[in-house]
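Taken together, the values in this text are just the output of simple stated rules run on the coordinates, not laboratory data. Everything numeric here is computed off the predicted structure, so don't read it as measured data. Counting neighbours? That spans all protein chains shown, and the Cβs are built from the backbone with ideal geometry, glycine included.
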Amino acid sequence: MKLTAQEFGRMVDGACITATMSFSSQVDLAEAAKKYEFKQVYGFASYYDYLLKELKGTKTGVGGGVGSSLGAGTERTEVKVFEAQTYMNMGMDEIDMWMNIAALKNSEFDYVLKDIQAVRNVVPKGHNLKVIIEPCTLTSEQIETAVKLVVEGGADFVKAGTGFLGACTLEHARLMLRAADGNVKVKCSGGIRELAVVKEMYDMGVARFGMGVKSAENIIRLLKEEE
Ligand SMILES: O=C[C@H](O)COP(=O)(O)O
């Protein structure tokens with residue numbers, strides 16, 4: 001099926017999480033979200049209130065990032081739970097949490113699973129929970145294991161990454177989709193820049209794209225040129 005600019009806009013989680021960006025980047029994020037009807041936005045936690053106010057009554061939900069020091073820094077499970085609960089209480093729509101990638105790599109699968117389940121417990125069904133696995137840091141086997149833990153943990157999506165550690169590739173999309181086997185949706189994110197890549201991911205069955213504002217706008221422009 002042909003991907004339209006409008007449909008793509010509705011599949012985008014607009015992201016602006018680069019710590020060196022100023023407040024104006026959050027304003028740009030909110031404006032682009034309104035214009036293209038992004039599915040969600042992910043901004044700086046200190047501006048979540050601004051984004052919630054700005055996007056109230058629009059088609060765009062505000063998502064909360066949980067465990068953002070890549071899932072294993074200061075974010076013990078109870079801290080992730082507190083973050084997720086706080087964002088749900090604030091009226092946020094979806095939660096993107098980082099898997100504890102170090103624990104995954106150390107084969108502490110029970111810890112990884114319980115970490116996801118604990119956050120799921122405070123993110124009611126109907127609010128998507130996505131788990132970020134940063135596939136560029138993992139082997140193919142680890143990606144498969146990570147996705148299976150995401151399924152077992154009761155999340156709704158497996159999400160690729162931030163782009164900080166490397167881009168999400170077609171191969172990552174293929175591996176995540178294969179391991180998900182329809183049991184969780186797949187969000188590709190981080191370093192996605194090419195229209196051809198977006199189209200191929202869409203055809204493969206990717207359900208959501210996480211992108212910075214300028215990159216998403218560029219893809220939308222290219223799709224419009226084809227219409
Ligand atoms: O969650 C992070 C973003 O989706 C990263 O996307 P980007 O590489 O286009 O800034």
* Asked: According to the square roots a ≥ b ≥ c of the eigenvalues of the Cα gyration tensor, what is the shape class of segment 103-169, taking rounded for a/c under 1.5, prolate for a/b larger than b/c otherwise, and oblate for the remainder?
  -> oblate
* Structure fact -> Averaging 1/r across every pair of distinct alpha carbons in the chain and inverting yields a Kirkwood hydrodynamic radius, in angstrom, of 17.3 Å
* Spacing of the two label points (7 Å from each Cα toward its C-beta) at E171 and M21, in nm -> 2.9 nm
* To do: Please list, in chain and number order, the residues 5+ apart from K185 or on another chain whose amide H is under 5 Å from its amide H, with Hs placed from the backbone.
  => F157, V158
* Listing E83, E108 from the residue with the fewest other Cβ atoms within 10 Å to the one with the most, what is the order? -> E108, E83
* Asked: What ranking, highest mean first, results for peptides 20-29, 210-219 when packing means the other Cβ atoms within 10 Å averaged over each residue?
  -> 210-219, 20-29
* To do: Rank-order 94-107, 171-184 by packing density, defined as the average count of other C-beta atoms within 10 Å over each peptide's residues, highest first.
  => 94-107, 171-184
* Structure fact -> K53 and E200 label points (each 7 Å along its Cα→Cβ direction) are spaced in nm at 4.4 nm
* To do: Using Cα pairs closer than 8 Å and at least 6 residues apart in sequence, work out the relative contact order for the chain, in percent.
  => 19 percent
* To do: Give me the number: length gained by fully extending T4 to E78, i.e. 0.36 nm times residue separation minus the C-alpha to C-alpha distance, one decimal in nm.
  => 22.5 nm
* Asked: Per residue of the chain, what 222 nm ellipticity follows from adding -39500 (n - 2.57) for every DSSP H run with n ≥ 4, rounded to the nearest 500?
  -> -14000 deg cm²/dmol
* Structure fact -> Sorting N106, Y36, A15 by the position of each Cα along the dipole of the chain (Lys, Arg +1; Asp, Glu -1; all at Cβ), the one nearest the positive end of that ordering is Y36
* lysines with Cα under 19 Å of K214, excluding same-chain neighbours fewer than 8 positions away -> K34, K35, K39, K187, K199, K224
* Where a label projected 7 Å from the Cα of S107 along Cα→Cβ would reach, residues of segment 141-164 with amide N under 12 Å -> none
